[in-house]
Amino acid sequence: MEKTPANIKHEMETLVKDLNYHCYRYYVLDSPVISDEEYDKRYRHLKGLEEKYNYVLPDSPTRRVGAPPLDRFEKVKHTEPMLSLDNAFSHDEVREFDERVRRFLKSDKEVEYTVEPKYDGLAMELTYKNGILHKASTRGDGYEGEDVTVNIKTIKAVPLKIEEAEAPEEIDVRGEVYMDIREFEALNREREKRGEPAFANPRNAAAGSVRQLDSSITAKRKLYLACYGAGAMKGISFKSQWEFISWLRKARFPVPSMIKLVKGADAVIDVIMEIEEKRKDFPFEADGAVIKVNEFDLQKTLGMKTREPRWATAYKFPAHQGTTEVKEIIASVGRTGALTPVAFLEPVRIGGVTVSRSTLHNWDEIERKDVRIGDFVVIERAGDVIPHVVSVLKEKRTGKERHFSPPAKCPVCGSAVEREEGGVAYRCIGLNCAAQVRERIKHYASRSAMDIEGLGEKNVELLYSKGLIRHFTDIYKLRKEDLLDLPRYAEKSAQNMIDAIEKSRHTTLARFLYSLGIVHVGEYAAKLLAGNFKDIGDLYHVKPESIMGIKQIGEKIAGSVSIFFNDPENLQTLETLKSLGVKISNPDFRKEKEGKRPLEGLTFVITGTLPRPRNEVEQLIGDLGGRASGSVSGSTDYLVAGEEPGSKLRKAKELGIKVISYEDLLTIIKSVTGS
């Protein structure tokens, strides 16, 4: 009997349903029931029919191979915010969470919770309309993310269609995209063979894969998904988290590898300990456990605090440590000429990251800990802290270990090295030191400075090596034709770079001062200077005492600024930038002179991810007279904690410093400004 289009459509629908079932068995259940050869045979048959009849079903597995490259990712607003979770760092804090829940519910009864591993991946929202995957978006700032639908469709574990009987009118399914450890290590081996930089950890690899403008690259990487949360929904409802997870399983969504339903804090802690014990055998990275009140009605009653739900928390596992050997120590030269000792280590995995180097901070630190080349050391990585040497295993010494002394000459340019008077830093005094020049250019172009998108570390190194930029003034002499002759640059990317450079010609005095890389002048000091000097020319030949009159600027910063603006070579550089079209406005002027500002005298420290970029929040604090510091100390007034805070949170709690959320900060600002 000759096939009709209706028969062909039915055959294709049957093939698609069959292939998607076997895809689910393979990628979600890890329990295939047909051979790869048989799957490929059916897949090729479907693809042949699609090409012959120019008809492709929306949930066809052939849609997973990628799409033409995008120019950019579109923004997507989440129907319901993707909130972050509060953190607990000890079993006592888990009990405190349970007590707060029961106190808020005014109940003495044990509360039912679900407990699951906290996947270290990229948060994702999948929106289905009438059963078909409509859109996939990243978490972004919690309220708005990026549309990565074409990339997410390449992930075999993601259902392109919910079975008709299960399909609600609309539902947002939330989960975590991740790369398992074996795939991560294989990917890094491939990248190293091609001379490409390795990814730091599986989370970065997953995020980098999802955010490829060319989805065919995403399709080549093996990514997975674990679904655990619901956003907005129409045409369906659930009574509890456990019921929702059961529905996800039935609808063929991948769910966390381990999830338990228990009552009371003690049972929750038992599951946390079980997850912590099992995580060494997990094929994925898990950095904690997520605890949720099970009943949705109770979740609704508990509601939200500011940016976190009262009904959930994330238990974070303790800091990871590892033991490894110091293979070499070198002196790294920064943009100000400061030499920093860096230890190169035998690579060791710590907390999901392969650590192969660690800063030793300064030579006083090396001497205090007695770190030598050839030593076995304990390395720690916790939260947002850079890997550092905790201690030396002196009992493992053989006598062949070598001391590393401060070099007398710069390892890059050979100029003399001098120690700061009364300080710990050693500096190269060479004016034309290549390392300093490259670092200054990178700093000048960085986001908080002149914000020249695309002029990051790799491109600066490339342009410097080709002799196209030897000073940051050379940035404004670049032509599109110069870039087109270089690797990695095509017509569009070259034009994007020229456009970004052009945009940077118009900046503010605060940003410009920060971009110059004046020793001791960070973003906050630059803002203070901009608030007191109307124009860059007003700083020419400035005396230290003129600067020391500014509150919160001391002798060290004043001296450094004065030296910079009394140097003829530096002043000539500023004039060159003006001649190249750099125009500087100063919206910050006189803000320091309008009387006491709302946050004056208060010091804030930020940890974790906030809804707005950290530099913008620090700028807001500075605009209102406050000080944004990078470290927690006894003088800190508030710690602003965002999503996934690091060790600063623990230190703040130890010191009794008030911990607030981003929304709490806005409330404080509103209360003191009245707006």
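No lab work stands behind these numbers, since they all come straight from the coordinates. Being a predicted model, the structure only gives us computed values, none of them experimental. Using ideal geometry, Cβ is built from the backbone for each residue, glycine included, and neighbour counts are taken over all protein chains shown.
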Lys, Arg +1 and Asp, Glu -1 on Cβ, resulting dipole of segment 596-673 about Cα centre, debye, nearest 20: 200 debye
Distance violations [Cα-Cα > 22 Å] among Lys263/Lys316; Lys442/Lys477; Lys47/Lys250; Lys52/Lys161; Lys239/Lys260; Lys135/Lys234: Lys47/Lys250; Lys52/Lys161
Exposed GluC sites (Glu not before Pro) absent - longest run of the chain, DSSP non-H/G/I/E/B, at most 13 other C-beta within 10 Å: 170-419
Modelled FRET efficiency - R0 35 Å, Glu555 with Val342, Cβ distances, 0.05 increments: 0.70
Sum of side-chain charges, Ser332 neighbourhood, beta-carbon under 13 Å (Lys, Arg +1; Asp, Glu -1): +2
Partnerless cysteines, meaning none of the other Cys C-beta atoms lie under 4.7 Å away, in the chain: Cys23, Cys227
Nearest-0.05 FRET efficiency for Met258 and Ala6, computed from C-beta distance (R0 41 Å): 0.35
Additional length obtainable on full extension of the chain from Ser237 to Glu453, 0.36 nm per residue less Cα span: 73.3 nm
Computed over the chain, Cα set: Rg, Dmax in Å: 28.4, 98
P(r) tail fraction, segment 505-663 - alpha-carbon pairs more than 20 Å apart, %: 54 percent
For segment 596-673, alpha-carbon Rg over 2.2 N^0.38 Å: 1.00
Kirkwood-based shape ratio for segment 86-316, expressed as Rg/Rh from alpha carbons: 0.98
Using alpha carbons only: equivalent-ellipsoid semi-axes of segment 5-65, gyration tensor based, whole Å: 21, 11, 10
Convex hull of segment 320-419 built on C-alpha atoms - directionally averaged projected area, nm²: 6.9 nm²
Cleavage-rule hits, chymotrypsin sites (Phe, Trp or Tyr not before Pro), segment 282-332, DSSP coil, Cβ neighbours within 10 Å at most 12: none
Within-15-Å neighbourhood charge of Gly231 [Cβ basis; K, R +1; D, E -1]: +1
Length-normalised contact order for the chain - Cα pairs under 8 Å, 6+ apart - percent: 10 percent
Kirkwood hydrodynamic radius of segment 174-246, from inverse mean 1/r over distinct Cα pairs, in Å: 14.3 Å
Positive minus negative residues near Glu502 (Lys, Arg vs Asp, Glu; Cβ under 13 Å): +3
